[in-house]
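Scroll down for the structure; my scribbles are underneath it.
Rule-based calculations on the coordinates, nothing more; no lab input. Since we're looking at a predicted model, the values are computed, not measured. Backbone-built Cβ (ideal geometry, glycine too); neighbour counts: all protein chains shown.
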Amino acid sequence: MNTPDWKIRHAAHILQQGGVIAYPTEAVFGLGCLPDKLDSIKRLLQIKQRPIEKGLILLASELEQLIPYLTELKPDILHKIQSSWPGPTTWVLPATTQTSTLIKGQFDTVAVRISAHTIVRELCQQCESPIISTSANITGHSMSYSASDVHLQFQNQLDYILDGPLGDSDKPSMIINALTDQIIRA
């Protein structure tokens, strides 16, 4: 099933207006909003019942969208992360002091990924911004693998559910600390 362009444009418009949406990613449906809309992030955390301390992931279509959230990266770190992107690897990198605690949680780092998923990439391009990503499930409940799964968990709490196919990954992205190479989630 292909997702029509107008649905992606509509979802991007909702994000730009401060909305919270669900959308397909590489492996599961995600919940998202724009990272500069702090009230939207608070609402997303409330809907998901996710503790602020855990932090969230930023998805982007290109590295330039992530630069405002990251401290300057050494060339070897930059080479390492860029060699895995676009793709299903999320890297934990040092965050700027301007990056909101709503995004980075209790950490001085931020989790980022350049997605290979066509819909995610198009959403980021339409918004000219990264988007927040966290799995579309109430904390502690089963992950959502379809728009109907999302609807069952959240009913009418979201502003839009962008239906579309999941990517080719059979599990959520691997999360690795780029500075230590510690695998946070395999």
_Residue check for THR139: assigned to a loop (DSSP other than H, G, I, E, B), touching a residue at least 60 places away in the same chain (Cβ under 8 Å), over 22 Å from PRO4 (Cα atoms) and of a type in the set (Val, Ile, Thr)_ = yes
Practice item. Tell me, yes or no, whether segment 57-74 has at least one residue that is in a helix (DSSP H, G or I), closer than 17 Å to VAL28 by Cα and out of contact with any helix residue (DSSP H, G or I) (no Cβ under 7 Å at 6 or more places or on another chain). Key: no
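What do you reckon, is ARG113 in contact with a Pro (Cβ under 8 Å, 6 or more places away or on another chain) and in a strand (DSSP E or B)?
Numbers: in contact with a Pro (Cβ under 8 Å, 6 or more places away or on another chain): yes; in a strand (DSSP E or B): yes.
Yes, satisfied.
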Pairing a residue in segment 170-184 that is more than 13 Å from GLY87 (Cα to Cα) with any residue that is of a type in the set (Val, Ile, Thr) and surrounded by 14 or more Cβ atoms within 10 Å (Cβ to Cβ), where Cβ atoms lie under 6 Å and the two sit 6 or more apart in sequence or on different chains, gives ASN177/VAL92; ALA178/ILE77; ALA178/ILE81; ILE183/ILE176; ILE184/ILE175
Checked against (1) part of a helix (DSSP H, G or I); (2) of a type in the set (D, E, K, R); (3) under 12 Å from the mean Cα position of the chain (by Cα), GLU53 satisfies every condition except (3)
Looking across segment 162-179 at residues that are over 15 Å from the mean Cα position of the chain (by Cα) and more than 14 Å from THR90 (Cα to Cα), the single one that is surrounded by the most Cβ atoms within 10 Å (Cβ to Cβ) is GLY164
GLU26 meets each of (1) within 26 Å of ALA186 (Cβ to Cβ); (2) out of contact with any Pro (no Cβ under 7 Å at 6 or more places or on another chain); (3) in a loop (DSSP other than H, G, I, E, B) with one exception, condition (2)
- Residue match in segment 90-107 (condition: closer than 21 Å to PHE29 by Cβ and either of a type in the set (Lys, Arg) or within 12 Å of the chain's Cα centre (by Cα) (or both)): yes
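State yes or no: is ILE132 under 17 Å from the mean Cα position of the chain (by Cα), part of a strand (DSSP E or B) and either surrounded by fewer than 21 Cβ atoms within 10 Å (Cβ to Cβ) or not charged (D, E, K, R) (or both)? Spell out how you get there, then give the answer.
On the way: under 17 Å from the mean Cα position of the chain (by Cα): yes; part of a strand (DSSP E or B): yes; either surrounded by fewer than 21 Cβ atoms within 10 Å (Cβ to Cβ) or not charged (D, E, K, R) (or both): yes.
Answer is yes for this residue.
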